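Chemist: Structure provided below as structure tokens; questions to follow.
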Amino acid sequence: MKFMKIGSKPDTFYTEEATRTVISDIPSDLTIRINNVCFLLHKLQVPLVPKCGLLQRLCSDSDDSDIVTIDLHDVPGGEDAFELCAKFCYGITINLSAHNFVPAFCAAKFLRMTESVEKGNFVLKLEAFFNSCILEGWKDPIITLQTTIKLPEWSENLGIIRRCIDSIVEKILTTTAKVSWSYTYTRPGYNKQKHQSVPKDWWTEDISDLDIDLFRCIITAVRSAYIPPPQLIGEALHVYACRWLPDTTKSRPPHSSGSQTEESKGKSRRIIESIVSMIPADRGSVSIGFLLKLLSIANYLGASSVTKTELIRKAGLQLEEATLNYILFPSQFPTDQHYYDIDLVAAVLDSYLALWRRQSPAPAENVYLLRSIRKTGKLIDSYLQVVARDVNMPISKLVSLAEALPDVAREDHDGLYKAINIYLKEHPDVSKAEKKRLCRMLDCQKLSPEVRAHAVKNERLPLRTVVQVLFFEQESGSRATTHKPELTTRVRQAPSEVEAEAKQECNNKLQHEGIKSRVPETSERDMQKKLEAKMVRGESEKGKEKRGETNSGSKVMDPKQTKNQYLNQKRRGNGKISTTQSQSQSQSHSPLVTDHVHGHHTMEVLNGTVLLKEVCN
């Protein structure tokens, strides 16, 4: 920062309460009142009145011997600015800098301390300092701009704001190789000593000290002067937001009235709305993390719906680039008992999905779009696993967010299963109906063998879900014999539950399409066809005959005869298979295990296929 010293006499001003007096043997004959301060000065003994055109006019009607009192309450800069002008007239040493230039210059203009009044006057010296020192530096015009906030109209009319902005923009547009002045750059991990080249965003931190309106003027001027990289403008906005906006993404702010005053919130709202309006339209100009952070802050500050809608739209464009930490921001509403703001994440996801569906009539056939949606699906499933630990998280919000993703978004359902398991573990009091609602989202065919093995043993899951998992597990040919005893045990442990569930399911099915298997998406006819195919093949017995391993006491039956016996018995028993018939088939052909529960629920494992049936009385 540069300084200019004017005058050579020692400071003889002293203050006593609200009165400022110049130490002199000559009595004061001029009283200047500014606000609550009185200046006791002299008219002609010192060149005060001769240097000030305004005072000359105000004192023109008085005699030299009269004591004159003048009110100058509207002097720009107030009593401090006037004191600088008075000291200049008295020849007292004053130090000018970017901090006090604006009030001194405005006051000198107000008092008409120009060359037309007297040669070498104060305005001329101030203008020389402004042109040769302040505008030639880098931080000086920025500091000068900061001081114009107290005198905006005077600064605008005198051209101070415009000339400072032009000086700043000119230096911003300078190539980095020619940047030789000092600047502030305190980003973590950056060391000027280790970096010989100047970073392209070297100017962003210094201009972030300015008021939002002045900051906007500089950004607008830079963008109009040339076409800067969108990321450079985005970085400047990011630095400014970190400088002035509260960070609501780390912890849930207290909801007490004193956490932030309404005046402070109003100022922050104005800042965030201005920042959002300045974000370049180019995708990637700002990071998804920054957009989500702004969205959380806007939600907390109660920003306008236009601002939040724009942030949601921009965040939806880049959601696939997000990481889990970006979307784990807390809820800002005191009415929300749960910690995480799942509604905000759902809004961004909806925006992303709307764009994803519009991009192609068949987005699943587009490799890029498929990769994008699956990456987003993994992100949402990871998020669900975290929010599921919140003991106050409603199951409806969890299900709504999970079901928002299309089927193609999940290559497998392992992540979704983990989220469901965590929720059931953290919410042991969840009702049976809610458990079913939660587990209905699972597609057992999309579970990995390891997860299916875990699900079969998971006591938290509804029995219906376990049966579905075991069916697909055995149908795929993995660990069939391992899980049969476990499932049978669970069926026997809850007979009343299975019986009630079987009756209700059976009544519903009979009204539409008759008695069918309770296994989803697998009709009795399909299972019957599978059974017939396996019986016709007679794989295990034929193999044993070839190897000579068939027990001598067992009788090998004709597959067609066995199939007809099974179908006839099934038709006579309305879906039941007698224990005798089951035992006969078990001894003569393939293993058949039958388990009856209270006469209403039958589970059969035939050739590795689970048949779960309900029988209505």
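The values are calculated or read from the model by the stated rules, or taken from the named source; none is laboratory data. Computed from a prediction, not measured in an experiment: that's the story for all the values here. For neighbour counting, all protein chains shown are included, and Cβ atoms are generated from backbone atoms with ideal geometry for every residue, glycine included. Just the protein is used for accessible areas: all its heavy atoms, side chains included, with ligands, DNA and RNA removed. Shrake-Rupley method; radii C 1.70, N 1.55, O 1.52, S 1.80 Å.
Chemist: Determine the alpha carbon to alpha carbon distance for each of Lys87/Lys267; Lys308/Lys418; Lys9/Lys109; Lys250/Lys435; Lys171/Lys293; Lys314/Lys432 and list only those over 29 Å.
Modeler: From the list (Lys87/Lys267; Lys308/Lys418; Lys9/Lys109; Lys250/Lys435; Lys171/Lys293; Lys314/Lys432), the Cα-Cα distance tops 29 Å for Lys87/Lys267; Lys308/Lys418; Lys250/Lys435; Lys171/Lys293; Lys314/Lys432.
Chemist: Counting only the heavy atoms of the protein chains, how much of Asp443 is accessible to a 1.4 Å probe, in Å² to the nearest 10?
Modeler: Its accessible surface works out to 50 Å², give or take rounding.
Chemist: Sticking with this one: Determine, from the Cβ-Cβ distance of Lys446 and Thr186 and an R0 of 56 Å, the FRET efficiency 1/(1 + (r/R0)^6), rounded to the nearest 0.05.
Modeler: For R0 = 56 Å, the calculated efficiency reads 0.70.
Chemist: Sorted by accessible area (1.4 Å probe), largest first, how do Thr186, Thr144 line up?
Modeler: So the residues, ranked largest to smallest area, are Thr186, Thr144.
Chemist: Please list, in order, the residues from the range 296-338 whose amide nitrogen is less than 16 Å from a point placed 7 Å along the Cα→Cβ vector of Ser396.
Modeler: 335-338
Chemist: Would you please give the FRET efficiency between Arg389 and Arg358, computed as 1/(1 + (r/R0)^6) with r the Cβ-Cβ distance and R0 = 45 Å, to the nearest 0.05?
Modeler: 0.85
Chemist: Can you report the principal axis dimensions of the range 4-155 using only the alpha carbons, biggest first, rounded to whole angstrom?
Modeler: If we take the Cα atoms of the range 4-155, the spans are 50, 32, 30 Å.
Chemist: Evaluate E = 1/(1 + (r/R0)^6) for Asp71 and Asn95, where r is the Cβ-Cβ distance and R0 equals 25 Å; express this FRET efficiency to the nearest 0.05.
Modeler: Approximately 0.30, to the nearest 0.05.
Chemist: Could I have the simple spin-label model distance between Arg283 and Ser305, label points 7 Å from Cα toward Cβ, reported in nm to one decimal?
Modeler: Distance between the two pseudo-spin positions: 2.8 nm.
Chemist: Does anything in the range 31-59 have its amide N under 20 Å from the 7 Å Cα→Cβ label point of Lys119, and if so which residues?
Modeler: So the set is 47-53.
Chemist: Let me ask something else about it. Taking every DSSP beta bridge with both residues inside the range 11-75, roughly what % is antiparallel (nearest 5)? Walk me through the intermediate numbers first.
Modeler: Details: 9 of 16 bridges.
For the range 11-75, the DSSP antiparallel bridge percentage is about 55.
Chemist: Send over a whole-number figure in Å² for the accessible area per residue of the range 4-155, probe 1.4 Å.
Modeler: 47 Å²
Chemist: While we're on this one: Run the quick spin-label model on Asp211 and Arg371: label points 7 Å from Cα toward the beta carbon, then report their separation in nm to one decimal.
Modeler: It is 4.9 nm.
Chemist: For Asp429, Asp381, Asp209, give me the order by solvent-accessible area with a 1.4 Å probe, most accessible first, ignoring ligands, DNA and RNA.
Modeler: Asp429, Asp209, Asp381
Chemist: While we're on this one: Note down the net charge around Trp138, summing +1 for each Lys or Arg and -1 for each Asp or Glu among other residues with Cβ under 14 Å from its Cβ.
Modeler: With Lys, Arg at +1 and Asp, Glu at -1, the net is -3.
Chemist: Expressed in nm to one decimal, what extension gain is obtained for the pair Asn325 and Glu262 from 0.36 nm per residue of sequence separation less their Cα-Cα distance?
Modeler: Details: separation 63, 0.36 × 63 = 22.68 nm, distance 2.96 nm.
Result for the pair: 19.7 nm of gain on full extension.
Chemist: Roughly what would the spin-label model give for Asp350 and Cys242, points 7 Å off Cα along C-beta, in nm?
Modeler: Taking the two extended label points, one gets 3.3 nm.
Chemist: Please list, by residue number, every one of the trypsin sites (Lys or Arg not before Pro) in the range 1-45 that is coil in DSSP and has at most 16 other beta-carbon atoms within 10 Å.
Modeler: Of the trypsin sites (Lys or Arg not before Pro), the ones in loops of the range 1-45 whose Cβ has at most 16 other Cβ atoms within 10 Å are Lys2.
Chemist: Sort Tyr185, Tyr368 by accessible area with a 1.4 Å probe, largest first.
Modeler: Descending order: Tyr368, Tyr185.
Chemist: Same structure again: Taking the alpha-carbon set of the range 197-315, what are its Rg and Dmax in Å?
Modeler: Reported Rg and Dmax, both Å: 14.5, 48.
Chemist: Please report the accessible area of Phe472 (heavy atoms, 1.4 Å probe, ligands and nucleic acids excluded) in Å², nearest 10.
Modeler: The accessible area comes out at roughly 30 Å².
Chemist: Summing Lys, Arg as +1 and Asp, Glu as -1, what charge do residues with Cβ under 15 Å from the Cβ of Gly91 carry, Gly91 excluded?
Modeler: +2
Chemist: What size of dipole, in debye to the nearest 20, comes out for the range 402-467 about its Cα centre when the only charges are +1 on Lys and Arg C-beta atoms and -1 on Asp and Glu C-beta atoms?
Modeler: 320 debye
Chemist: If you don't mind, there's one more thing I want to ask. Write out the GluC sites (Glu not before Pro) in the range 1-90 meeting two conditions: DSSP loop, and at most 12 other Cβ atoms within 10 Å of their Cβ. Show your work: numbers first, answer last.
Modeler: Values: sites: Glu16, Glu17, Glu79, Glu83; in loops: Glu17.
Counting only loop positions with at most 12 other Cβ atoms within 10 Å, the GluC sites (Glu not before Pro) in the range 1-90 are Glu17.
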